[in-house]
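The values are calculated or read from the model by the stated rules, or taken from the named source; none is laboratory data. Bear in mind that the values here come from a model prediction, so they are computed numbers and not experimental data. A quick note on method: Cβ atoms are made from the backbone with ideal geometry, for glycine too, and the neighbour counts reach across all protein chains shown. These area figures cover heavy atoms from the full protein model, side chains too; ligands, DNA and RNA do not enter into them. Shrake-Rupley method; radii C 1.70, N 1.55, O 1.52, S 1.80 Å.
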Amino acid sequence: MKVHFILRYHTRMGENCLVSFGQEQPRLLSYLNEDLWHGVFELDAAQYPTLQYQYLFQSANGALTREWETERVLDLSDKTMDYQEVVDYWNSTGAIENTFLTQPFQNIFNPAPAALPKQAAKQVFSHVFKVKAPLLQASQVVCLLGHGVALRSWDTGAPLVLKREGNWWTIRLDLTQEDFPLGYKYGVWDTANNRFVGFETGNNRILYAPSAGQKKQSTTLHDGFIRLPNDTWKGAGVAIPVFSLRSKKSWGVGEFSDMPLLADWAKSVGLKIIQLLPINDTTATHSWVDSYPYSAISAFALHPIFLNMEQLAGKKHAALLKPYLKQQKALNALESVDYEAVLQLKWDIIRQLYDLLKADWLKDKDYLAYYEANKDWLAPYAAFCWLRDVNGTADFNQWSSHSVYKPKDIDKLLKPGSEQFDQIALHLFVQWQLHLQLKAATDYCHQKGLAVKGDIPIGIYRYSCDAWMAPDLYNMDQQAGAPPDDFAEKGQNWGFPTYNWERMKNDGFAWWKQRFEQMSLYFDAFRIDHILGFFRIWSIPIDAVEGILGQFKPAIPVTEQELRDAGIGFSFERFCMPFINEKILLDTFGDDANWIAENCLKAVKGGFALLPAFDTQRKVEQYFNTQKPDEHNQRRRDGLYALISNVILLSDANATSGNWAGAFRFGIEKTTSFQYLPEEIKAPLKDLYVNYFFRRQDDFWQIQAMEKLPALKRSTNMLICGEDLGMVPRCVPDVMEELGILSLEIQRMPKAYGATFFHPKDAPYRSVVTPSTHDMSTIRGWWEEDPKLSQRFFNEILGYHGTAPYFCEPWVNRAIIQQHFNSPAMWSIFQLQDLLGSDEKLRRENPHDERINIPAIAKHYWRYRMHFGLEDLMAAAQFNADLSRMVSESGR
């Protein structure tokens with residue numbers, strides 16, 4: 001059968017379009033004009049009884065881009081048909097309408113199509129019309145009208161009604177008696193009231209006569225999306241970590257079983273989404289340090305702390321819990337989470353219930369199916385947990401055995417009947433129970449019409465099961481972090497190894513795809529933590545403690561030749577080694593200067609150099625870890641950190657004399673090393689610095705992102721939101737727009753250069769607006785941090801005259817919330833604390849107790865909990881009525 005492909009897509013000279021189907025090489029189409037490409041190919045109907053195909057675009061430089069459409073299917077099984085023609089529109093990945101075909105919209109927000117009369121089984125047709133319309137209301141369907149009798153001659157009282165087939169609205173018509181060309185348009189028909197709502201916007205679509213000379217043929221029109229307003233849908237949501245939830249039945253920490261209560265409340269006030277922080281297992285040390293939710297020991301396993309004991313015990317073993325109920329009430333009454341006490345209590349109970357339940361559990365068909373579907377990560381994770389506890393550390397490099405992961409060894413450990421099987425299987429049991437409780441919770445949310453949004457951390461814990469299983473996927477000699485900013489003047493060092501993207505690319509990003517697949521079991525959308533890491537990551541050498549000594553990788557380096565060409569010259573000792581003279585030493589250490597000089601430095605020409613025992617921050621840290629932990633020694637330690645980072649350039653590992661290459665240290669103008677340079681080289685050095693960080697990298701970083709993000713986006717149908725905060729390269733918004741990834745817009749973190757604030761009214765449609773995140777103070781906390789800034793905000797953004805109140809009064813808090821509700825952004829999502837801040841009776845007395853995380857504190861204790869229960873929130877009638885009204889009036 002011959003198939004004639006016609007593609008509507010605007011191109012320029014030097015560009016090409018191709019069509020791809022099956023496992024064959026894409027076939028080149030022929031140019032008709034700048035808006036049309038076509039090609040006629042003879043296909044074997046036996047090989048392709050149903051033909052699924054896609055188009056590709058080839059840029060002038062040869063790069064290929066695959067369109068987003070995956071749902072065009074042709075039936076080639078009719079042996080009487082010798083010719084088919086298809087007329088298609090290119091479906092751009094970034095088309096806004098594609099957002100409404102993602103998981104939350106398809107499964108939750110978009111209602112099922114209205115019932116239609118069944119079409120005759122055998123219908124004579126010459127043309128098939130197909131169009132997508134993802135934003136119709138419950139009683140609406142797509143209809144078709146146009147020129148000629150068969151298209152009802154534009155009679156809006158009796159249009160042709162299309163039938164929903166998957167995501168396509170479809171109708172088959174016999175147009176053999178019509179005179180071509182025909183003008184036509186799609187419209188909307190209200191089935192509840194039997195009335196025509198209106199036509200799509202834009203000019204008439206034109207249908208030309210099919211190709212002449214064919215005996216029996218048909219034409220299929222894939223008309224893309226119906227042309228209706230695509231920026232009208234808006235939703236609102238609440239953001240809260242699971243551990244922060246509180247109910248009468250929780251055990252000192254929020255649990256998966258608390259989510260239905262949250263869903264009941266969210267539904268009652270008109271919210272559409274619940275956003276959570278990461279919920280993966282972070283148990284590395286069995287201490288409160290593990291409370292950091294972005295440092296998971298497995299990218300797949302769920303955290304045991306979220307397991308509810310009452311549901312686990314069930315009625316059959318409820319009596320086992322009675323001796324622990326007093327402790328449960330005591331822990332649940334605490335203002336914040338006692339991480340260690342809660343986990344210890346839960347594990348005591350879990351082990352007892354495991355002994356009672358394990359015989360039946362191991363035979364459970366549902367469990368066995370779960371194990372088979374997840375064993376690639378589940379079995380190694382369970383073995384990892386056992387080995388961690390047996391060896392007293394998650395650092396597998398220190399284990400007495402199995403420090404190198406070998407699948408066959410793990411199979412032996414997990415063999416039923418083996419000495420350690422029972423202890424390892426405990427972790428399989430816990431993950432199964434966590435899966436059941438989380439699945440029940442998210443299913444309940446879905447039944448209430450709520451989507452659930454998860455969070456994917458940018459990094460993995462250095463001593464995680466993932467790193468143990470596949471260390472080659474990560475750069476274990478590097479640490480991920482962030483450059484200095486207003487929140488952390490020394491930068492941030494997260495401690496995670498950076499990703500070996502080249503290695504990950506070799507297997508098609510299999511680990512990432514597996515991660516997304518696992519998340520989609522529970523979540524409908526997710527936030528990519530630090531999406532900038534897919535463009536470049538702030539990479540810190542393993543011997544550094546502070547983020548200030550990092551550099552962006554990959555990056556186009558600054559070279560020795562560039563420095564010389566700019567008239568700056570190059571001296572490795574002056575630019576790449578810490579610059580220390582007597583005045584710097586005295587200014588940094590004061591009365592301790594002599595002690596530092598005698599114990600940590602050696603005299604060199606023009607000043608001092610660090611002794612080998614103190615020449616890296618990690619060595620300094622290790623030394624002072626052996627000293628008395630007082631303020632005096634802390635000042636000495638921090639001063640040495642500052643000396644070590646008092647450099648202008650950072651060398652690449654492979655830099656050689658005469659052919660040096662590397663990076664600028666961030667913020668060189670703040671270093672005394674820069675301040676002591678001759679004036680005549682400061683300006684050209686600063687120009688080169690600006691070029692390095694803010695100009696030369698953009699195109700390069702865009703290429704890096706486009707090598708990863710398109711493949712990852714194709715691997716899931718969850719709605720993707722990017723956390724694009726911090727030092728954002730200019731290419732980031734374009735890439736996110738091209739890929740249809742939602743941005744994050746925060747009022748106090750404007751992206752416009754030189755701006756102090758961002759106004760929610762200026763948000764792009766495809767974005768999430770929020771007044772704060774877990775890494776910031778809440779609205780009320782921020783208001784008190786800088787009264788001068790709050791005064792400006794009060795006058796410039798809120799539009800009030802006069803003096804701002806010193807404290808963020810409920811009406812001020814409410815005005816800020818209202819701005820976000822009224823934003824044109826697709827989503828307005830609020831921390832629960834910010835919503836409560838509008839109510840004098842419900843909000844916490846001290847706003848600083850509402851904060852979840854302080855990024856500048858490397859080992860912050862993540863323990864915030866609601867100060868009252870979800871049951872009480874549900875009963876707060878006036879607050880809920882006010883919030884519901886705000887949601888409704890904003891059209892969300």
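Listing for the model above:
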item: Listed residue (PRO541, VAL390, ALA683) projecting farthest to the positive dipole end of the chain, Cβ model; result: VAL390
item: Whole-angstrom gap from region 6-44 to region 652-678, using each part's C-alpha centre; result: 50
item: J(HN,Hα) series, region 661-673, from Karplus relation 6.51 cos²θ - 1.76 cosθ + 1.60, nearest Hz, glycine and proline x; result: 8, x, 9, 7, 5, 5, x, 4, 5, 8, 7, 5, 4
item: Pairwise centroid distance, computed over Cα atoms, of region 163-233 with region 721-791, Å; result: 41
item: Pairs from LYS249/LYS315; LYS346/LYS859; LYS322/LYS346; LYS316/LYS375; LYS453/LYS713 whose Cα-Cα separation, in the structure shown, is over 18 Å; result: LYS346/LYS859; LYS316/LYS375
item: Proximal aspartates and glutamates to LYS326, defined as alpha-carbon separation beneath 19 angstrom and excluding residues fewer than eight positions away on the same chain; result: GLU255, GLU310, GLU335, ASP338, GLU340, ASP348
item: Listed values (i) 221; (ii) 192; (iii) 207, entry calculated as volume of the Cα convex hull per residue in Å³; result: (i)
item: Sequence ranges 458-468, 759-769, ranked by mean other-Cβ count within 10 angstrom, highest first; result: 458-468, 759-769
item: Test item: Cα-centred dipole of region 1-104, Lys/Arg +1 and Asp/Glu -1 on Cβ, debye; result: 220
item: Antiparallel bridges, percent of DSSP beta bridges restricted to the chain (to nearest 5); result: 60
item: Nearest-ten-degree value, helix 339-361 long axis tilted from longest Cα axis of the chain; result: 50
item: Residue-wise HN-Hα coupling along region 543-555, computed from phi with Karplus coefficients 6.51, -1.76, 1.60 (Hz; x: Gly, Pro); result: 8, 9, 9, 8, x, 4, 8, x, 8, 6, 9, x, 7
item: Most to least packed among 316-325, 81-90, 37-46 [average Cβ atoms within 10 Å]; result: 81-90, 37-46, 316-325
item: Crossing angle, helix 259-268 versus the chain [Cα axis fit, 0-90 degrees, rounded to tens]; result: 60
item: Label zone at ASN654 (point 7 Å along Cα-to-Cβ), backbone N below 16 Å, region 549-589; result: 553-560
item: Helical mean residue ellipticity (222 nm; -39500 (n - 2.57) per DSSP H run of 4+; nearest 500) of the chain; result: -9000 deg cm²/dmol
item: Under 21 Å from the Cα of LYS670 - lysines, other chains or at least 8 residues apart; result: LYS490, LYS583, LYS682, LYS686
item: Anchor LYS841: lysines whose Cα lies under 21 Å away (excluding residues fewer than 8 positions away in-chain); result: LYS248
item: With all protein chains modelled, accessible area of LYS751 [1.4 Å, Å²]; result: 90
item: Cα long-axis angle, helix 365-391 against the chain (0 to 90 degrees, to the nearest 10); result: 10
item: Of LYS358/LYS415; LYS234/LYS708; LYS163/LYS216, those spanning more than 27 Å from alpha-carbon to alpha-carbon; result: LYS234/LYS708
item: Mean accessible surface per residue for the chain, computed with a 1.4 Å probe while every protein chain stays in place, in Å²; result: 44
item: The chain, relative contact order in percent, only Cα pairs under 8 angstrom and at least six apart counted; result: 12
item: For LEU136, net neighbour charge (Lys/Arg +1, Asp/Glu -1) across residues whose Cβ lies under 11 Å away; result: +1
item: Lys/Arg +1, Asp/Glu -1 at C-beta; region 1-106 dipole; positive extreme among GLN47, GLY62, VAL3; result: GLY62
item: Charge tally in the Cβ shell below 14 Å around GLY270, where Lys, Arg are +1 and Asp, Glu are -1, GLY270 excluded; result: +3
item: Length released on extending from ALA212 to LEU356, taking residue separation times 0.36 nm less the Cα-Cα span; result: 44.2 nm
item: Highest to lowest packing among 646-654, 812-820, scored as the average C-beta count within 10 Å; result: 812-820, 646-654
item: Residues TYR753 and THR285, FRET efficiency given R0 of 51 Å [Cβ-Cβ distance, rounded to 0.05]; result: 0.75
item: Of TYR806, PHE758, ALA858, farthest towards positive along the dipole that unit charges on Lys, Arg, Asp, Glu beta carbons give region 733-892; result: ALA858
